[in-house]
Structure formats: structure tokens, C-alpha cells
Amino acid sequence: MVRLSTPALVIGALLLLTATSDATFKLVLFYEKNDGLHQDIVFNYAVSMFNNLHVYEFQAHLEDVTGIGSFQLSQKACALAAQGAVAFFGPQQPALAATVASVAKSLEIPHLVTTRQAPLPPGMHTVNLYPDADMLAIALADVARALEWRSYTVLYEDDEALSRLQGVLQARDPSQLPIMLRKMDPEGDDRPTLKKMKHNAEMRVVLDCSPQRTVELLRQTRELGMMDVYHSFFLTNLDAHTMDLTEFRQTGANITAVRLLDPNENTIRDAITMWDQSELMMRGRRFPLTARSVRTETALMYDAALFYHHALVKLNASNSEQLLSAEPAECRLPLRRYSPGLLLSSYMMGTEKLGTTGTLRVDSHGRRKDFSLQVVELSKEGFNETGKWELGGYYTTRSSQDLDSQITESLQSKLIIVSSRIGGAFLRFKEPRDPTARGNDQFEGYSLDLIAAIARILNMTFEFRLVPDSQYGAFNPKTQKWTGLLGELLERRADLAICDLTITYVREEAVDFTMPFMNLGISILYKKAEKAETNLFSFLEPFSIDVWIYMATAYLGVSLLLFVLARASPYEWEGGGPHERNPTELENNFSLLNSLWFTIGSLMQQGSDVLPKAVSTRMVAGMWWFFTLIMISSYTANLAAFLTVTRMDDSIKNVEDLAKQTKIKYGTYASGSTAAFFRESNNSLYQRMWTVMNQARPSVFTADNKEGVERVKKGKGDYAFFMESTSIEYETRKNCDLVKVGGQLDSKGYGIALPPGSPYRKMINWAILKLQQAGELKVLKNRWWVENVPDGCAGQEVDDSAASDSPDLDLTNVGGVFLVLVFGCIAAFLVAILEFLWNCRKIAVEEKMTPWEAMKKELRFAVDLRADTKPVPKSSDAGSEPEEEEAAPTSADSFMRLQMNYDQYSVNPQRQ
Ligand code: ASP
């Protein structure tokens, strides 16, 4: 910027000032003596400086308007106009300024003001050098956008702020979140409002109030613990440089301000020196303000005088006559306007001049729309420039390295509190538990290792704390608060939150997330096929015990019935054989044993050599055959199924299969992202499943994933649990009887959550990226998913499908049949020994030899494989005994009898 002039030159000029004459230009300043702005001093100085240029003579008329009413003021203005006032300046109060503006308009006297609020709507002949309210609002909105403020609270002091900030509200992006408007307490105690803001986690605040109120409010904020790295304040007052914010420099809170006046600039510093020296010379006292305490309005009034003078000089160059011959204006009728007034106003609107507040330029309505603001941020050293706003928009002047090093410093200087929860491979208590362990030493798991790795990169210290309610984070509409980890972040009890915390849209609205460190999707956890218990006697399973007992009873009953009916029926009694034409004795084939033999023969589908002849017995036999036909067919059909079935239900291979059936219930963790996925899904299948889950009784929802896993484990394949693939992977490694069914329903990621607007996000993202590129994330995953799985299925391949096991039958399924065969054969062998011994005893009696000899003889015959006939025993009571009176049999008869006796002997030895 160009220096305006040197103080020595101006002071010299001041001493040469002569008394005013008729040709003197009377410049009137309306001001309030005790408003602390000291506009009178700067105005006086400016006028004396103009005089020093020796073009015209100027007279400064200072009019104190403290406590004056509008009517009085308008009369005063008229009187001053009549006395030759050619320009009005001020006052600051909007209502009074409007009064002066109205007189100025009717008399066409140039009027310059420096009020934040425009005194009158555009179109009047008043120039306001204070930045135009609408444009200032746009500038504030631009800066807020650049700071990435999507939602914030506006704390305002007076209702005029609302109309002032209307522009900020209108300039907002419609996609942005709503903003909150809160009025400050007129009594000055804003604690109740601040408490509400704390409860609602409103962490970004636009403060629209006077410098004094700003400092007081910031103090109250600090009292309530809201002055930390997560809270940001944006001061709309352009006098931030005049506030003493030293006490807030170390809080870490982000305090941003905008200013028109840069107290470090030489322009304003030189001007203050001149004002000071002039005051010293003219009144023998010091100018009471410094570059750090001079208000924008003070500098603006000086600029206003400069601006007017600049236009006057321009007009003089083209039309000095009109200027010099102008008569004083007159309010009384007939009204007389200040003749060069209009022209002078139009010159002001077309010119520009460098002032202490930048280039002075106004539009055709006298509004200052083209200005530049400095954006500053409070740091340990004081306010530092971070950016600039100009008509084109905001641009940053701070290098990203500066910003990063500032954040890194803040990260390293504090203990980072990490909120987490116990669950799966992410975090668990160290086993065996050490009761003396404190802090991080109590835990182990993926989350701890990941944060430790990040901490190594960023050189930060951290402490893990468990979230009291063990929840991930869901919005509770009743309390209007977030639960779990998100609640911890929003209530500033933690700086980071990590676990299997899914990044979701609604959570992202409430807090910030880092880039995902792990990818996953929802899948189904189910129980593996249960192998049927190996049972040697599984061939008995096709029929229940009852059926087997009924069958045995039926067998005995039918055998007995057959025996009785056969004895009763005359057709079952017949002679000894076809060779006996006139038998003297009749025999019945259906002895008790033969009856049992017949029924068992047909039951086993083998038939027998005895067959019924009578209608009654044939009917019994027919019914029995029908019975056995049905029973054996049923048995055969069932046997195959029973022997090959190994799983409880292998019909579920994907989510569609699960949705199609009603036998297997399915559910999710009640307040997590998995439940939210179904609840908010637009997919008709998932919507249907959500309805089914909601209607299921007892409830299919669980208090956490652990409960869901237990439910699947304990169930008999009647419950499937929707869980995230990473957790399923861990659980299936831990529990060999669990299995993941089907693919993933969606695709998402886990991220580390931070409080909204946390400055650490970028740093942590960078550390995660670094770990990812170095392959560390994979190593960590392997460590906690493969190497450190407690009671894992060591060496077992994790079965990723629910496909059934091989249906082959092995010996364990059919071994019982072999056993029955073996025991049957052994029993038969024992019976054969008994028969043999019994026969030997008979032979020994009949042939008068010792039993031992008889046994040896019989044994010898039995092992002689060449002997295929056997001599008839001398006397035998097995079969029909040859009677003495019977005629000698023919050789054929002898053979037949021999054969029959032998058959009877061998087939039915018990027969009497
Ligand atoms: N990881 C999930 C969450 O962040 C929990 C779940 O629903 O499985 O909510």
C-alpha cells in the first residue's frame, strides 16, 4: 500500500492553518463523544491535512450527538447546512444516521457514513464505507464453506444480526445441514445457552456480537469445558484485532476471525502515528488508540474524509466554478439544495481511493461491495493470517505444511483417548487377567495394535477406554443423543473410536471417519451340518422302538394263531407221505416251531418248506405276507435315508434360501449397522426379511454379536445370524461347528471415528495409508484372525460352505448288521454243538458204547468229506419207528422212508 503522507509534513501544514472564510468548505462530523471511537481526532486530522494541500480551505465542524433525538438532529443538520455545511459525516447510530441521510438527501448534500448497518435503503445520496452487509454475509459464507463448516450455530447479540446474517443463510449450499440460531442473553449470562449447545454437540459457532461480549462469551465457554480442539468459533465482528484473546491461545480451540484492517500494515500504523502527533501538537495529549485497539469505524471515518476530498478534487478539476459559487443549502421553504451535491455524489460513486482499510470504491447506491478481508486464526503467538477473501471468493494463504505441523504439534502434546469396546478379534482382555494391570496393558487385539502402529508413526500417546454401554453407536430419537462410541466422541470424552465400527451415511453425518482400514460385507453365520451319531445299530432307526415291539408281538401272535388254526383245521392233518395210501396216523405240519419258522421265513422274504393248505391258515398266511410286504418296503425305503443323512438342514445355501423358508429363524444385532442395512434397504427381498425378523416371536434380535453367535451355536440349525464377514471369519475359525453361508449382501468398511471437525483426521488417514502400503494391515489381520485365535480349529480348513458331507455309508453305519450276522452264526454253531452232543448221547445208549466213542464216531463221519450218505441208526425215535407187524417194505419204500426220516431229523429234530 502507498503511504498517505509523512507526519512531519502534515503537522507543518497544520501550523499554517488560517481562519475560515466564506469560501471555506464546512465539513460536519456527527459523533458521540464517549463512544470510544475517537472519530473526532481522525476527522480533525484529515481536514487539517486537506488544508495543507492549499486547494481549498476546509473547516471541521464536530457535532456531538450523544443523547440527541432524531428531530433535534434533523434541525441541527438543517441549521448547519444553512451555515454552509457542504458535507455530512456520521453519526454511527443507525437511526440517527438515517435522520442525517434524509436531510442530506433533500438538500443534496454529500453524506458519508461508516456504520455496519446501512442507514437507509439504497438509492439515497449517502455513501457507506462500511462493507456492505449482503456482501459481507457472502464473504462470511464463503469462509465458512472453505473451513468445511456444514452445520453450525449462530450466536447473535441483537436482532439486527439476523437481518445482517440473512445473506449468510441464503448463501448456504442447500445440501448443507441446517443451522441453529441462538440469541445471547441480554444480561450477559450465556451459560444456559452454552450448556444446551454442549448437550447437542454443537461445536461450530458463528459469534455475532461486540468485541467485549465476544471475550466474555469465550470465557464462559471455557468454563463449561467447550474450549478444546474440537470447538471452532468464527467471529463476524471486524474488530477481532482489538480483542485480547491471549488467555485462549493455549486452549487448542479454533478461533477464526475476519478483518478489514490489518493492524500489522504500515498504512494504519503510520496513520495512527500522525493522529497521535497531531493530537499532541494541537491539544497536548496523546491519541488514545494503537494499531491493536483502533476500531474499524475509526479508520473508516478517516477514509471517508479522504474519499470525499478525493471526489472533490476530481470535481474541482472539471467544474471548480460550480463548487465555489454554490450557496448554502436551506431546509426552510423555499428549499434550496446544495447545487454541486449531486455531481459530487456521482463523482464519489465513480472514483476509487486507497485508504487505511484498503481501496475505497462504492457502487451506484453508495455501497461498498468491493473490499478485501483478511482471515485470521488464533494460534499460540496470536492471530495469524490463514487466508483472504476478495470479491472473487476465498483463498488460503497458509501453506498446508504449516497447517500440518500445527496439527501434529497439537496431536503430540496431548494424551489421545481412544474409546473402544470388547468384541471378537478387535479387542479383548488379556488372558489370564492381571488384576493389577491398568490402561492399555489390560487389553489385546487388532484395534490396540492398529492404534499403536498409528501412534508410532505420528509419535503420539494414547489410552484405551471402554465405552460404558458397549454399543457401537446409534441415534436415540427419545433422548436425541447418540449412544455408544459415537456418544463418547460427541460428548468429547474420547478423541478416537475404534472397533468393528462400520462407516455408514448417518454416522458420517454425526462424526468424522478416517478412510476404511478393513473391508467387509454382511453374510450369514450358520451351524455346520451335524453328523448323525455313529451307531452300529442304525439299521434299527427306520422304525421306532414301538414299531419293532409291535412287529415282534405281531410275529408271535400270528405264529400262535397259525399253530392253533392249523391244529383246528382238518385240512392241515394228513398222512405220513405220498407212499402211505392208507395212513393210520395223521400229521400236522404246523407244529409250534414250524409255525414260527413259517412266519419268520415270510417276514424275511425267504419262504419256507411248510405251506398252509386250509383256507383259514392260508388267509392268515396271506394277511401276514401283505403285512410283511408293506413293512419291509417301508423299512427298505427309510433305511437308505437314515443311513445317508448327515446334516440337519443343508437346504440353506444363500440368503434367498433363508428368505424362502420359515423353519429356520434369522436375526441380527439389534442396534448395529447390519440391522440398519435391512431396515433401510430398498431391496424387496431384504425388506421382506426385515418384516419377518420384526414379527418373529421370540425376538430374533440380539444385544450384541456374541449373543447371536451363541444362539447359532446352541441352536439345532434353527437359527441363522446375519453378521459382518470379518466377524464371521473370526467366529468360524474359533468355533469349528459354525459356518459362513452364501456370499456378501453388501460391501462396506470399518473406519476410525473422530469427533466432527477433528483436526487429526488427515494425519490419521495418512498413517493408515502408510500402514496399508507397507502391508502392515494385512500382517495385523493375520495376527488376530489366524495366529491368535483362542481354541481355534487348529489345522482345520475353514469350511466356507454349507454343502453336505459325503453321503457314503461307512462301517459305523452298517456294522450292526455284521454283528447280528456274527452273533446269529455263533448261536447257530452253539445249537449245532448241542444237537450233536444230544445225538451222540442217544447213539451211545442205542449202540451200547461210551458217549466218548459215539462222539468220536460221529465226528469222524462228519469230517469225512467223501461220505455223503449215512447209515440208519439201529433204533431211532426220531421219525416213525419201524413196527414189527408191518410188512417188509419194498426197496423203494425203504429209500423213501430213510430219506424222509433223515429230512425230518435234520430239518426238524425236535419233532416228536
Ligand atoms: N459393525 C456393526 C456396527 O458398526 C455392528 C453390526 O451391526 O454387525 O454397527
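The values are calculated or read from the model by the stated rules, or taken from the named source; none is laboratory data. Given the structure is predicted, the values throughout are model-derived calculations rather than measurements. Glycine gets a Cβ as well: all are built from the backbone with ideal geometry, and neighbour counts include every protein chain shown.
A single member of Leu62, Leu73, Leu4 is modelled with pLDDT under 95 and either within 25 Å of Leu360 (Cα to Cα) or not acidic (Asp, Glu) (or both), and it is Leu4.
Contact map, segment 488-502: residues that are outside any helix (DSSP H, G or I) paired with residues that are charged (D, E, K, R) and within 16 Å of the ligand (Cβ to nearest atom), Cβ distance under 7 Å, separation 6+ or inter-chain. Pairs shown: Ala494/Glu488; Ala497/Glu488; Cys499/Arg421; Asp500/Glu724; Thr502/Lys748.
Being under 30 Å from Asn266 (Cβ atoms) and touching a His at 6+ places or on another chain (Cβ under 6 Å) is a property that holds for Lys353. Restricting Arg507, Arg465 to those that are closer than 28 Å to Trp766 by Cα and more than 19 Å from the chain's Cα centre (by Cα) reduces the list to Arg465. Has segment 567-578 got any residue that is surrounded by 16 or more Cβ atoms within 10 Å (Cβ to Cβ) and closer than 30 Å to Leu821 by Cβ? No, that holds for no residue. With the structure loaded, tell me whether Tyr338 is within 26 Å of Gly84 (Cβ to Cβ) and free of Cβ contacts under 8 Å to residues at least 60 places away in the same chain or whether it fails that test. So Tyr338 does not fit the description; no.
For Ser419, the criteria (1) more than 12 Å from the ligand (Cβ to nearest atom); (2) touching a residue at least 24 places away in the same chain (Cβ under 8 Å); (3) surrounded by fewer than 22 Cβ atoms within 10 Å (Cβ to Cβ) hold in every case but one, which is (3).
Only one of the numbered conditions (1) out of contact with any Cys (no Cβ under 7 Å at 6 or more places or on another chain); (2) of a type outside the set (Gly, Ala, Ser); (3) surrounded by fewer than 21 Cβ atoms within 10 Å (Cβ to Cβ); (4) within 28 Å of Asp449 (Cβ to Cβ) is violated by Arg733, and that is (1). Of all residues in segment 466-475, none satisfies being of a type in the set (Gly, Ala, Ser) and away from the ligand (no atom under 16 Å from the Cβ).
The helices (runs of 4 or more DSSP H) found entirely in segment 606-682 that carry 2 or more residues being within 16 Å of the ligand (Cβ to nearest atom) and farther than 15 Å from Val692 by Cβ are 673-680. Just to be sure, is Val547 of a type in the set (Val, Ile, Thr), more than 16 Å from the ligand (Cβ to nearest atom) and either without any contact (Cβ under 8 Å) to a residue 24 or more places away in the chain or within 30 Å of Gly667 (Cβ to Cβ) (or both)? Yes. Of the numbered criteria (1) surrounded by 24 or more Cβ atoms within 10 Å (Cβ to Cβ); (2) within 30 Å of Thr732 (Cβ to Cβ); (3) away from the ligand (no atom under 11 Å from the Cβ), the one Ala529 fails is (1).
Taken over segment 472-513, the residue count meeting the criterion of being within 20 Å of Lys748 (Cα to Cα) and polar (S, T, N, Q) is 2. For segment 287-306, the candidate set comprises residues that are of a type in the set (D, E, K, R) and in contact with a Leu (Cβ under 6 Å, 6 or more places away or on another chain); within that set, the residue that is farthest from Leu29 (Cα to Cα) is Arg295. Within segment 623-634, the set of residues being closer than 15 Å to Ser595 by Cβ and surrounded by fewer than 17 Cβ atoms within 10 Å (Cβ to Cβ) comprises Met623, Trp625.
Across segment 507-517, the qualifying residues are those that are in a loop (DSSP other than H, G, I, E, B) and modelled with pLDDT of 95 or more, and the one among them that is farthest from the ligand (Cβ to nearest atom) is Met515.
Of everything listed in (1) crowded, with 18+ Cβ neighbours inside 10 Å; (2) more than 16 Å from the ligand (Cβ to nearest atom); (3) modelled with pLDDT of 95 or more; (4) within 18 Å of Pro755 (Cα to Cα), the single unmet condition for Ala453 is (4).
Just the residues that are of a type in the set (Asp, Glu) and away from the ligand (no atom under 11 Å from the Cβ), please, taken from segment 488-506.
So the first thing to find is which residues in segment 488-506 are of a type in the set (Asp, Glu), and the list is 488, 491, 495, 500.
Hits for segment 488-506 are Glu488, Glu491, Asp495.
Of Val709, Val700, Val692, which residue is modelled with pLDDT of 95 or more, more than 15 Å from the ligand (Cβ to nearest atom) and surrounded by 15 or more Cβ atoms within 10 Å (Cβ to Cβ)? Testing whether each residue is modelled with pLDDT of 95 or more, more than 15 Å from the ligand (Cβ to nearest atom) and surrounded by 15 or more Cβ atoms within 10 Å (Cβ to Cβ) leaves just Val692.
If I ask for residues that are among the aliphatic types (A, V, I, L, M) and either without any contact (Cβ under 8 Å) to a residue 24 or more places away in the chain or under 18 Å from Glu265 (Cβ atoms) (or both), which ones from segment 367-390 would you list? Before you say what the answer is, go through the steps one by one.
Taking segment 367-390 first, the residues among the aliphatic types (A, V, I, L, M) are 373, 375-376, 378.
Selection gives Leu373, Val375, Val376.
Contact annotation: residue pairs with Cβ atoms under 7 Å, 6 or more positions apart or on different chains, pairing a residue in segment 667-691 that is farther than 20 Å from Asn654 by Cβ and of a type in the set (Ser, Thr, Tyr) with a partner that is within 14 Å of the ligand (Cβ to nearest atom) and assigned to a helix (DSSP H, G or I), are Tyr669/Ala675; Tyr669/Asn705; Tyr669/Gly708. I need the full set of residues from segment 742-783 which are outside any helix (DSSP H, G or I) and either basic (Lys, Arg) or within 16 Å of the ligand (Cβ to nearest atom) (or both), in order please. Gln744, Leu745, Asp746, Ser747, Lys748, Gly749, Tyr750, Gly751, Ile752, Ala753, Leu754 - these are the residues of segment 742-783 that are outside any helix (DSSP H, G or I) and either basic (Lys, Arg) or within 16 Å of the ligand (Cβ to nearest atom) (or both).
None of Phe539, Phe543 is assigned to a loop (DSSP other than H, G, I, E, B) and of a type in the set (Phe, Trp, Tyr) except Phe543.
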